1. Hey, any hits in segment A:101-117 for a residue that's in a loop (DSSP other than H, G, I, E, B), in contact (Cβ under 8 Å) with a residue 24 or more places away in the chain and within 14 Å of chain B (Cβ to nearest Cβ)?
2. Quick one: which strands (runs of 3 or more DSSP E) lie wholly within segment A:35-75 and hold at least 3 residues that are modelled with pLDDT of 95 or more and away from chain B (no Cβ under 14 Å)?
3. Across segment A:50-92, what is the total count of residues that are among the acidic types (Asp, Glu) and crowded, with 17+ Cβ neighbours inside 10 Å?
4. Read through the list (1) farther than 30 Å from A:Phe94 by Cα; (2) hydroxyl-bearing (Ser, Thr, Tyr); (3) modelled with pLDDT of 95 or more, then give the number of the only condition that B:Thr75 fails.
5. When only residues in segment A:1-21 that are surrounded by 10 or more Cβ atoms within 10 Å (Cβ to Cβ) and of a type in the set (Gly, Ala, Ser) count, which is modelled with the highest pLDDT?
6. Can you tell me which of (1) in contact with a Ser or Thr (Cβ under 8 Å, 6 or more places away or on another chain); (2) part of a helix (DSSP H, G or I); (3) over 23 Å from B:Thr58 (Cβ atoms) is the one B:His167 doesn't meet?
7. Please find, among A:Asp152, A:Asp161, the residue that is in contact (Cβ under 8 Å) with a residue 24 or more places away in the chain and assigned to a strand (DSSP E or B).
8. Got a sec? Which of B:Pro128, B:Pro105, B:Pro118, B:Pro76 is part of a loop (DSSP other than H, G, I, E, B), away from chain A (no Cβ under 14 Å) and not aliphatic (A, V, I, L, M)?
Amino acid sequence: MTATDTLRRITLWLTLSACTAAYAGTPGPTYTLVAARSSLTYTFEQAGAANVGRFNTFTVRFDPTAGTLMVVIDMRSLDTGDGQRNDLLGGHDFFDVARYPQARFTATRLQKTATGYLATGPLTLRGVTRTVEVPFTWRTTQRGGRAIGTLDGATVIRRLDFGVGQGQWRATEWLGNAVTVRFALDMTSAAG
Amino acid sequence: MVMLRNTRTRWGALSQFLHWLMAALIGVQIGLGLAGANLPLGMSKLATLARHKSLGLTILALALIRLTWRALNPTPALPGALKAYERRLALATHVALYTLLIALPVTGWIMSSARGFPVSWFNLVQLPNLVRPDPALYHAMVLTHIVLASTLGLILILHVAAAIRHHFVLHDEVLRRMLPGPRRIHPGVMDDRH
């Protein structure tokens with residue numbers, strides 16, 4: 001047997017082993033959030049300048065194999081970087097976090113795209129449910145025997161669709177209707 | 001004939017235009033600032049403060065243009081009859097005016113940045129934040145901005161009072177040479193073009 005043949009055999013064996021392992025790996029793991037390394041921010045335009053804030057507490061469960069994605073946001077964790085703005089945006093005219101302490105997104109459809117996925121499903125925010133589309137990229141690596149995933153993306157929603165901005169705040173001349181929601185999530189497989 | 005440039009006896013058309021334009025803008029700006037500070041939190045407060053910021057940036061740019069133009073032109077001489085302390089007072093007032101017209105927009109801009117509200121110029125251009133959000137700095141800048149604005153108010157009163165005194169009491173050319181109209185050479189001052 002020549003050296004080339006040996007190499008071919010080894011390659012074939014490795015390939016088969018990899019395929020078997022991949023098959024055995026189905027169904028894939030469910031990923032949950034590494035909160036300390038994840039961020040969920042929003043940006044809207046106020047008088048021509050970007051106004052940015054974040055939510056500090058939220059949970060995400062993602063199973064790429066089963067095609068499920070669920071996000072729950074604790075609206076009381078709103079952090080605008082300014083006390084007065086926290087009170088205003090958390091208050092009745094905007095998120096009304098006392099009455100609607102949670103926002104929720106559940107993907108009812110998860111389509112594979114060239115760079116990741118497109119999740120489609122209901123978003124419930126301030127008691128209003130509307131279907132939104134959320135494109136995101138998904139990359140996984142192995143670290144210490146666990147699958148580590150990064151889920152990054154952004155989507156634009158209209159705040160007035162959800163009643164975020166009541167009364168005088170319905171006007172969009174100085175507070176834009178379009179809100180970009182950005183997320184950069186570190187996730188780890190629950191199975192470990 | 002309209003002279004664009006200054007001479008030793010008269011402000012040119014560009015200096016005059018910038019002077020009166022800024023006078024009008026500063027008047028509006030003080031009104032917007034007072035209104036913005038006193039309005040309750042609401043859409044009209046946001047709109048008023050947004051206009052105040054845009055106008056402040058405009059005034060900052062105009063002040064820099066004026067200083068540049070001033071450096072590139074002769075400055076009309078003060079009337080020869082003025083006493084030494086009057087000359088010093090005139091110089092100090094003008095230095096203070098230019099300083100405040102730069103310091104006020106800059107402190108306002110730092111205020112907005114320190115509060116986490118980025119500034120735009122008339123919804124057209126978003127400016128970079130000068131500092132990171134910082135509540136202590138914000139409060140210090142609010143105080144500074146108020147003190148500087150009050151100082152500007154006092155100096156403007158002094159500036160206008162001096163112009164009135166020159167025109168109606170001393171009967172010299174100081175106010176007239178900042179106004180368009182026919183040239184009238186003050187008998188005590190030679191025009192450097194002759």
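The values are calculated or read from the model by the stated rules, or taken from the named source; none is laboratory data. On a predicted model such as this, the values are computed, not experimentally measured, just so you know. In this analysis, Cβ positions are derived from the backbone assuming ideal geometry, glycine residues included, and neighbour counts consider all displayed protein chains.
1. The answer is no; no qualifying residue exists.
2. In segment A:35-75, A:58-63, A:68-74 are the strands (runs of 3 or more DSSP E) which contain 3 or more residues that are modelled with pLDDT of 95 or more and away from chain B (no Cβ under 14 Å).
3. Final tally of qualifying residues: 2.
4. In the conditions (1) farther than 30 Å from A:Phe94 by Cα; (2) hydroxyl-bearing (Ser, Thr, Tyr); (3) modelled with pLDDT of 95 or more, B:Thr75 misses (3) alone.
5. A:Ser17
6. It is condition (1) that B:His167 fails.
7. A:Asp152
8. None of the others qualify; the one that does is B:Pro76.
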